[in-house]
1. I'm trying to understand the selection: among the residues of the range 232-246, which are surrounded by fewer than 18 Cβ atoms within 10 Å (Cβ to Cβ) and touching a residue at least 12 places away in the same chain (Cβ under 8 Å)?
2. Give the residues of the range 183-194 that are surrounded by fewer than 17 Cβ atoms within 10 Å (Cβ to Cβ), part of a strand (DSSP E or B) and without any contact (Cβ under 8 Å) to a residue 60 or more places away in the chain, sorted by residue number.
3. Check residue 43 against each of (1) modelled with pLDDT under 85; (2) part of a helix (DSSP H, G or I) and name the one condition it does not meet.
4. Within the range 252-282, which residues are over 22 Å from residue 180 (Cα atoms), part of a helix (DSSP H, G or I) and touching a helix residue (DSSP H, G or I) at 6+ places or on another chain (Cβ under 8 Å)?
5. Residue 148 fails exactly one of the following numbered conditions: (1) surrounded by 15 or more Cβ atoms within 10 Å (Cβ to Cβ); (2) more than 30 Å from residue 29 (Cα to Cα); (3) in contact with a helix residue (DSSP H, G or I) (Cβ under 6 Å, 6 or more places away or on another chain). What is the number of that condition?
6. Those residues that are under 23 Å from residue 183 (Cβ atoms) and free of Cβ contacts under 8 Å to residues at least 40 places away in the same chain, I need them from the range 201-226; list them, please.
7. Report the residue count in the range 1-15 for those that are within 15 Å of residue 117 (Cβ to Cβ) and either part of a strand (DSSP E or B) or touching a strand residue (DSSP E or B) at 6+ places or on another chain (Cβ under 6 Å) (or both).
């Protein structure tokens, strides 16, 4: 090693952001390990690289003691003072023992350390980049499918789309470009592990932010998302500007904005609901496309009883209860759906007086 090697390390420091001192300390530790492995594992030693010239030297270290038990690690005070009269008991005596043929081993070891540190630095850069993007959406290319996991290329690294995060009915073929939601970024010994999803509600939220400029501008707020991936989703939106229709903005001209998202999600149905501060109005809207006659609210229990026309009951509940389930997720209310006939049976006299509000 020489001054040219030092200059190369300094260039690496600028290019890769790896501290020169950290690199040199790592090389010194690796050289010490190589020395002990090849020339004397039982000796106390250290390796020093000159920060100006790049030259390296190996030193053995012996502790000064009154009684020497191991000459490889200890030395008497008398012998030490022959080297330097100022030595005292307990001091460390160093002697240079750099082997003649150590240069080749040193160069090879230094190269290995530098390569390893460069890999670590690149992994850290990738980790920091994607750790800051947790909860964001990225576009990647399907590389392969192994044990039902899909591996997606994201530039210099790849992400894992686990089977549990895949949309039902989707086929992933090599070379396909897909959008995924970054759920978690883990730091591992083999580099960052990026876990992504196609089923997470956050994917739907980010897709709307990409398609609807008013959301990013803050004119429209996305108040809630409820999703059963591959089947149906509901979102609640609110406009801070009375002149802007939040539902219309999300649907887009001729329905293009929402249709782009439906296409990205392979036909997943999406209901866009206008958010309302009045819980009864919000709960009524959340059951769209069903029409609601009336809503009765129990604030403390967070329970809402919804009355629908007889012919709308199955639509309000949805297939296998899906519509009602999504409405409950979206609003945060437990929803009990009754038909008008059922309510008349429960309240034969009071029905018309109790429920007077109608919801369009």
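The values are calculated or read from the model by the stated rules, or taken from the named source; none is laboratory data. Because the structure is a prediction, the values reported are computed rather than measured. Ideal geometry is used to build each Cβ from the backbone, glycine not excepted, and the neighbour counts take in all protein chains shown.
1. Restricting attention to the range 232-246, the residues satisfying the condition of being surrounded by fewer than 18 Cβ atoms within 10 Å (Cβ to Cβ) are 238, 240-245.
The answer is 238, 240, 241, 244.
2. Once the filter is applied, which keeps residues that are surrounded by fewer than 17 Cβ atoms within 10 Å (Cβ to Cβ), part of a strand (DSSP E or B) and without any contact (Cβ under 8 Å) to a residue 60 or more places away in the chain, the range 183-194 yields 184, 186, 188, 193.
3. (2)
4. As a first pass, look at the range 252-282 and keep what is over 22 Å from residue 180 (Cα atoms): 252-255, 273-282.
Within this subset, residues satisfying the condition of being part of a helix (DSSP H, G or I) are 253-255, 279-282.
Scanning the range 252-282 gives 279, 282.
5. Residue 148 satisfies every listed condition except (1).
6. 201, 205, 209, 215, 216, 222
7. So the count comes out to 0.
To keep it simple, each residue is scored yes or no on (1) crowded, with 19+ Cβ neighbours inside 10 Å; (2) more than 23 Å from residue 228 (Cα to Cα); (3) not assigned by TED's automatic domain parsing to the domain that holds residue 209.
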site: 258; (1), (2), (3): yes, no, no
site: 267; (1), (2), (3): no, no, no
site: 270; (1), (2), (3): yes, no, no
site: 284; (1), (2), (3): yes, no, yes
site: 295; (1), (2), (3): yes, yes, yes
site: 326; (1), (2), (3): yes, no, yes
site: 342; (1), (2), (3): no, yes, yes
site: 346; (1), (2), (3): no, yes, yes
